[in-house]
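The values are calculated or read from the model by the stated rules, or taken from the named source; none is laboratory data. No experiment lies behind these values; they were computed from the predicted model shown. Virtual Cβ from ideal backbone geometry, glycine too; neighbours counted across all protein chains shown. We work out accessible area using only protein heavy atoms, side chains counted, and drop any ligands, DNA or RNA first. Shrake-Rupley method; radii C 1.70, N 1.55, O 1.52, S 1.80 Å.
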Amino acid sequence: MKAPATREECELVIETLKHVVEGLEKALGNNIEVVLHDLSKPGRSVVAIANGEITGRTLEVKGGKVVPR
């Protein structure tokens, strides 16, 4: 598969994959944590979490941006 060519394409892929995280949560149940990382953002790469209570990871909004907590 070819990598996204622009930042806008990358953001579209990430937004689409967030829905996949939600679907995996429903399909796999409550005993598996699913985490989506955007590796173009080192240090704050987590962009979606399903069942984060398993490890205590959450996302919170700070200044309009979602950040891992």
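Give, as a single signed number, the net charge of other residues whose beta carbon lies under 13 Å from the beta carbon of GLU25, with Lys and Arg counted +1 and Asp and Glu -1. That sum, taken over residues with Cβ under 13 Å, equals -1. Of (1) 12.3; (2) 14.7; (3) 12.9, which one was derived for Kirkwood radius over Cα pairs in Å from the structure shown? Checking each listed value against the structure points to (3). The long axis of helix 7-28 is offset from the longest Cα principal axis of the chain by roughly 20 degrees.
Accessible surface calculations at 1.4 Å, restricted to protein heavy atoms, place the chain at 75 Å² per residue. Using 0.36 nm times the number of residues separating HIS37 and ARG57, minus their current alpha carbon distance, what extension gain do you get? Fully extending the segment from HIS37 to ARG57 adds 5.9 nm.
Protein heavy-atom surface of the chain, 1.4 angstrom probe: 57% of the accessible area is carbon and sulfur, with nucleic acids and ligands not counted.
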